[in-house]
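Before any comments, here is the structure.
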Amino acid sequence: MKGVILAAGYATRFLPASKTIPKEMFPLIDRPVIDFIVQEMVDSGIEDILLVSSRRKKVLEDYFDREVELDSAFSKANSMEKLELIKPTSANIFTLRQQEMMGTGNALMLVEPFVQDAPFVVAYPDDIVMGDPPLTLQLIEAYKETGNTILTVEALPEEDISRYGVIDPVNEGEIMGVRQMVEKPAPGTEPSNYASYGRYLYTPEIFDALRATDNTHEHQGEFTQTEAINQLALRGRVSAVKMKGTRYDVGEPLGYLLSSLQFGLRQDRFQKTLISEMERILQQENLK
């Protein structure tokens with residue numbers, strides 16, 4: 001099975017930083033977001049990964065290449081720990097540029113020659129999930145059980161649900177069927193409290209469904225995958241798996257800020273100092 005990471009967008013919510021630095025390269029402490037996604041796929045047994053990027057994001061390709069100058073310097077200094085930190089991933093990384101920002105549906109149609117007639121996992125780098133087993137492997141296991149396209153879902157409080165695609169589930173459980181997915185439903189109209197996150201396993205059927213909905217999609221401006229998913233769901237060909245793990249939302253500024261803090265608090269090397277500093281700041285604020 002192959003992996004695909006969709007990373008071609010403008011990331012306008014992070015301007016001005018994202019003007020020259022791809023959002024996918026923003027770090028959680030000392031590792032860029034995209035590195036966590038690649039490692040998740042590698043830990044799930046995926047060896048071939050395609051990055052769908054754009055002209056402005058060549059640094060993504062460079063990051064996964066060998067850094068010759070640093071490699072040489074650290075080798076001469078016998079800095080084995082630093083050499084380990086910059087070692088390229090074991091995965092085969094391929095890149096494809098999306099020429100026009102026409103939405104996720106268009107980006108998915110571009111990857112068909114890469115994945116060919118086989119299921120594949122797609123990641124949107126807005127979500128990092130620390131799971132055991134890794135989230136990609138959770139999707140693969142659900143596919144082995146159902147043979148369907150698999151969505152990743154998590155139950156959310158009612159006040160948060162309208163920000164996401166929300167599924168209408170069949171026979172709720174760890175793995176459940178999907179009648180349809182409603183994109184950002186108006187408050188009070190949600191078919192459930194199961195929000196769909198940025199990790200999917202698609203069967204090759206998705207490509208015909210995308211072609212069928214390419215000229216009929218309801219969303220103005222961008223061509224998304226939602227209508228294609230719903231077309232497959234009507235045929236009983238979509239399932240959802242409840243995510244196991246801790247999710248970090250790095251797709252918008254507040255989520256990124258909170259994720260950085262939460263991730264730091266889970267690091268033994270930072271936890272004590274961070275807690276102490278947070279207590280000091282809160283004390284100062286309370287004295288104002």
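The values are calculated or read from the model by the stated rules, or taken from the named source; none is laboratory data. From a predicted model like this one, the values you see are computed outputs, not experimental measurements. Positions of Cβ are generated from backbone atoms using ideal geometry, with glycine treated the same way; all protein chains shown enter the neighbour counts.
With respect to the stated conditions, Phe14 is surrounded by 12 or more Cβ atoms within 10 Å (Cβ to Cβ), under 21 Å from Glu100 (Cα atoms), modelled with pLDDT of 90 or more and out of contact with any Cys (no Cβ under 9 Å at 6 or more places or on another chain). Which of the residues belonging to the range 139-181 are assigned to a helix (DSSP H, G or I) and farther than 19 Å from Leu232 by Cα? The answer is Glu141, Glu158, Glu159, Asp160, Ile161, Ser162, Arg163.
Name the residues in the range 57-72 that are without any contact (Cβ under 8 Å) to a residue 40 or more places away in the chain and in contact with a Ser or Thr (Cβ under 8 Å, 6 or more places away or on another chain), would you? Can you show your working first?
Here is the first cut: in the range 57-72, the ones without any contact (Cβ under 8 Å) to a residue 40 or more places away in the chain are 58-59, 61-72.
If the condition is that a residue be without any contact (Cβ under 8 Å) to a residue 40 or more places away in the chain and in contact with a Ser or Thr (Cβ under 8 Å, 6 or more places away or on another chain), then Glu61, Phe64 are the ones that fit.
When each of Leu265, Leu274, Leu258 is tested for being touching a Gly at 6+ places or on another chain (Cβ under 8 Å), of a type outside the set (Ser, Thr, Tyr) and more than 29 Å from Phe114 (Cβ to Cβ), the lone residue that passes is Leu274.
A quick yes/no check of all residues on (1) of a type in the set (Phe, Trp, Tyr); (2) in contact with a strand residue (DSSP E or B) (Cβ under 7 Å, 6 or more places away or on another chain); (3) farther than 30 Å from Val68 by Cα:
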{"site": "Gln98", "(1), (2), (3)": "no, yes, no"}
{"site": "Ala107", "(1), (2), (3)": "no, yes, yes"}
{"site": "Pro113", "(1), (2), (3)": "no, no, yes"}
{"site": "Pro119", "(1), (2), (3)": "no, yes, yes"}
{"site": "Pro125", "(1), (2), (3)": "no, yes, no"}
{"site": "Gly131", "(1), (2), (3)": "no, no, yes"}
{"site": "Ile150", "(1), (2), (3)": "no, yes, yes"}
{"site": "Leu156", "(1), (2), (3)": "no, yes, yes"}
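Of the residues making up the range 220-235, one or more are at pLDDT below 90, surrounded by fewer than 13 Cβ atoms within 10 Å (Cβ to Cβ) and either touching a helix residue (DSSP H, G or I) at 6+ places or on another chain (Cβ under 9 Å) or assigned to a loop (DSSP other than H, G, I, E, B) (or both). For the range 128-138, the tally of residues that are surrounded by 21 or more Cβ atoms within 10 Å (Cβ to Cβ), touching a helix residue (DSSP H, G or I) at 6+ places or on another chain (Cβ under 9 Å) and part of a helix (DSSP H, G or I) stands at 2.
Take the conditions (1) under 18 Å from the mean Cα position of the chain (by Cα); (2) outside any helix (DSSP H, G or I); (3) touching a residue at least 60 places away in the same chain (Cβ under 8 Å); Ser196 misses just one of them, which is (3). When the residues of the range 28-83 are filtered to those that are assigned to a strand (DSSP E or B) and of a type in the set (A, V, I, L, M, F, W, C), the one that is surrounded by the fewest Cβ atoms within 10 Å (Cβ to Cβ) is Leu28. Condition first: surrounded by 19 or more Cβ atoms within 10 Å (Cβ to Cβ), of a type in the set (Lys, Arg) and either touching a Cys at 6+ places or on another chain (Cβ under 6 Å) or outside any loop (DSSP other than H, G, I, E, B) (or both). Can you find one or more residues in the range 239-247 that meet it? Yes, some residue in the range 239-247 is surrounded by 19 or more Cβ atoms within 10 Å (Cβ to Cβ), of a type in the set (Lys, Arg) and either touching a Cys at 6+ places or on another chain (Cβ under 6 Å) or outside any loop (DSSP other than H, G, I, E, B) (or both). The residue of the range 1-27 that is farthest from Leu254 (Cα to Cα), among those that are in a helix (DSSP H, G or I) and without any contact (Cβ under 8 Å) to a residue 12 or more places away in the chain, is Lys19.
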